[in-house]
Amino acid sequence: MDFRFDIVAEYAALILRGTMLTIGISILGIIFGSILGLAVGFGKMSKRWFISWPMHAYVNFFRGTPLLVQILIVHFGVVPLFLDRTDAVIAAIVALSLNSAAYSAEIFRAGIQSIDKGQTEAAYALGMTHAQTMRHIILPQAVKRMIPAFGNEFIVLIKDSSLVAIIAAPELMYWSNAMRSEYMRVWEPYLTAAFIYLILTYSLSKLLAYVERRLGT
């Protein structure tokens, strides 16, 4: 196997641009997914069936269907409803956010329910409202326990972002495929992409390990 570094060098600027977009849509996906996931997680724990049932359905749908199918639905169906056209980058962010929210909801739910109920009862006995109890007592403890799970979710999201190449979002895999198509070679584009994904996920795992040690989780 001969590895042509000149091909990689020619595409270096585009690969770098694609890597930056991969990082960007992954970060936005986890941020929006976490915000939506918190709402969905609380909804699942609601005692009102008309709130909890739709949240259960949401989680089951996005966890039970392939992300690739979700990306195509959002790109060709959902985004045009709001923009009268489709946009690959917007569709990628929306699809990743919606998918991440389903998994984040379960992380939030499990984290909140892992806190002893006695702490909630004690807070109520002190006259705190449900919102105050969640904000000051439950969530600060639960978040520490959720960090490892959220770290894994972010790592998975970075790797899953490669699927948005199917809708021509100009991220890392898009330019890797472009390199393959132009030179009809496999090793250079895909080994380069694999190496970059490895650097991103390994760096993130090390950062998360540092955060966990600092917080004593």
Would you be able to say whether some residue in region 102-122 is farther than 27 Å from Val211 by Cβ, β-branched (Val, Ile, Thr) and free of Cβ contacts under 8 Å to residues at least 24 places away in the same chain?
no
For Ser205, the lone unmet condition from (1) farther than 20 Å from Leu68 by Cβ; (2) part of a loop (DSSP other than H, G, I, E, B) is (2)
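Conditions tested, residue by residue: (1) farther than 30 Å from Ser176 by Cα; (2) at pLDDT below 95; (3) polar (S, T, N, Q); (4) out of contact with any strand residue (DSSP E or B) (no Cβ under 9 Å at 6 or more places or on another chain).
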| site | (1), (2), (3), (4) |
| --- | --- |
| Met1 | no, yes, no, yes |
| Arg4 | no, yes, no, yes |
| Arg17 | no, no, no, yes |
| Thr22 | no, no, yes, yes |
| Leu38 | yes, yes, no, yes |
| Phe42 | yes, yes, no, yes |
| Lys47 | yes, yes, no, yes |
| Leu68 | no, no, no, yes |
| Leu83 | no, yes, no, yes |
Quick check on this structure: which one of Val89, Val59, Val79 is touching a residue at least 24 places away in the same chain (Cβ under 8 Å), farther than 21 Å from Ile158 by Cβ, touching a helix residue (DSSP H, G or I) at 6+ places or on another chain (Cβ under 9 Å) and in a helix (DSSP H, G or I)?
Val59
Select the helices (runs of 4 or more DSSP H) contained entirely in region 99-182, then report the ones holding at least 2 residues which are aliphatic (A, V, I, L, M).
117-125, 139-160
Residues located in region 180-202, provided they are more than 21 Å from Ser26 (Cβ to Cβ) and touching a helix residue (DSSP H, G or I) at 6+ places or on another chain (Cβ under 8 Å):
Arg180, Tyr183, Arg185, Val186, Glu188
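The values are calculated or read from the model by the stated rules, or taken from the named source; none is laboratory data. All of these numbers come straight from a predicted model, not from anything done at the bench. Note: ideal-geometry Cβ built from the backbone for every residue, glycine included; neighbour counts use all protein chains shown.
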